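Contents: one structure, followed by commentary.
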Amino acid sequence: MNVQALTDTARSMVADDKGLLAMDESNPTCNKRFAEWGIPQTEEARRAYRELIVTTPDLGESISGAILYDETIRQKKKDGTPFVKAITDVGIIPGIKVDTGAKDMAGHPGEKITEGLDGLRGRLVEYSQMGARFAKWRAVIAVGDGIPSRGCIEANANALARYAALCQEAGLVPVVEPEVLMDGDHTLERCREVTEEVLRTVFNQLYSQRVKLEGLILKPNMVLPGLSCAKQETVDEVADATVRCLLRAVPAAVSGIAFLSGGQTPELASARLNAMNVRFKSRLPWALAFSFARAIQQPVLEIWQGKESHVLAAQQALHHRAGCNQAARRGEYNAAMETAGGPEQHISEQALH
Ligand code: 13P
């Protein structure tokens, strides 16, 4: 295993205040989001949408890597250029989602276990030959009455670590994503407690499975109150709780942390990431970056609605959100950036032609 090469890739995934764009929705998830906007749920519509994303002008200025899905990594632009080549040509590192989804966990009502280890070694070789340089696996941990259970946390952490070891063997950087869900009325303190336990368990398992921490990216949730919790803490309180939790549970050797958005609004996700970088950046051992799907893509889909004539406006929205999150990495994001007509909102005229 070439640890230096893995470390170099991991570092380049969080370099220059850029972040990852998660565009790895499985077909059922992508179709569900299309259905909300009346977009046809076809392979061609999914391809057209992903072409819109990968051809957004200047995307490589704020996005370091893009996470693709099995269908997407095999697709091409209308002109025949493979998506992998299109993004690599603009300096974006291609990655691939390799888990096969979170399934109901036997004996654990209300909890999920992520599957996909069977045959993974062979699939990683294939993806690597197709140009992928990193992979992603998402475990989901629900918070509720009597959950999460120890059994669920341990089984998911073990699967994440076995996946990560296989990735490194294949020369791919594993993005390790243990997501504590926002659904429910639990408090921020409960989320902090669960997130800390999950992260400690994940890093114990990564150590047992001999995963090199320098050669991975952690993709955690922010520490947040449940969506239906009556008390919603301020942006700064969320930033403090999240960073404190990470400092306790994430070893300094890890090359980078890239948050998932998990159902936060795009603006809140940017504001919270910004607050963490404003308040703590100079004191942290790892970069705090983003790996958002919904918090980047939601406005894009809303504008596109499957219409060719809306592509440019949708690309402007994508460019804008990516730019806001890059600013948040620098601690330079502010609400004024969200007002229509702001300078960051527009892709340069030149880039569009
Ligand atoms: P969200 O940012 O929408 O939570 O998605 C991140 C992701 O990659 C989920 O696996």
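The values are calculated or read from the model by the stated rules, or taken from the named source; none is laboratory data. None of the values given here were measured: they were computed from a predicted structure. In this analysis, Cβ positions are derived from the backbone assuming ideal geometry, glycine residues included, and neighbour counts consider all displayed protein chains.
Taken over segment 12-26, the criterion of being more than 14 Å from residue 321 (Cα to Cα), within 9 Å of the ligand (Cβ to nearest atom) and outside any loop (DSSP other than H, G, I, E, B) is satisfied by no residue.
Do any residues in segment 250-261 that are polar (S, T, N, Q) have Cβ atoms under 6 Å from those of residues that are within 16 Å of the ligand (Cβ to nearest atom), where the two are at least six apart or on different chains, and which pairs are they? Hits for this filter: 261/269; 261/292; 261/294; 261/295.
Taking the listed residues 26, 12, the one that is in contact (Cβ under 8 Å) with a residue 60 or more places away in the chain and within 22 Å of residue 101 (Cα to Cα) is 26, with no other qualifying. Per the listing 260, 213, the residue uniquely of a type in the set (A, V, I, L, M, F, W, C), over 14 Å from residue 288 (Cα atoms) and either within 20 Å of the chain's Cα centre (by Cα) or within 15 Å of the ligand (Cβ to nearest atom) (or both) is 213.
Across segment 327-340, a minimum of one residue is classified as surrounded by 23 or more Cβ atoms within 10 Å (Cβ to Cβ), at pLDDT 95 or above and within 21 Å of residue 66 (Cα to Cα).
Among the residues of segment 52-97, those identified as part of a loop (DSSP other than H, G, I, E, B) and of a type in the set (Asp, Glu) are 58, 79. Scanning segment 276-318 for residues that are within 25 Å of residue 253 (Cβ to Cβ), modelled with pLDDT of 95 or more and among the small types (Gly, Ala, Ser) yields 287, 289, 291. Of the residues making up segment 30-50, none is of a type in the set (A, V, I, L, M) and closer than 27 Å to residue 170 by Cβ. Taken over segment 216-227, the criterion of being surrounded by 24 or more Cβ atoms within 10 Å (Cβ to Cβ), more than 10 Å from the chain's Cα centre (by Cα), in contact (Cβ under 8 Å) with a residue 40 or more places away in the chain and in a loop (DSSP other than H, G, I, E, B) is satisfied by 216, 222, 224. Scanning segment 154-188 for residues that are more than 13 Å from the ligand (Cβ to nearest atom), on the phi < 0 side of the Ramachandran plot and in a loop (DSSP other than H, G, I, E, B) turns up 170, 172, 185, 186, 187.
Listed here are the residues, each with its yes/no results for (1) touching a residue at least 24 places away in the same chain (Cβ under 8 Å); (2) within 16 Å of the ligand (Cβ to nearest atom).
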position: 248; (1), (2): yes, no
position: 265; (1), (2): yes, yes
position: 282; (1), (2): no, no
position: 287; (1), (2): yes, no
position: 291; (1), (2): yes, yes
position: 300; (1), (2): yes, yes
position: 321; (1), (2): yes, yes
position: 339; (1), (2): no, no
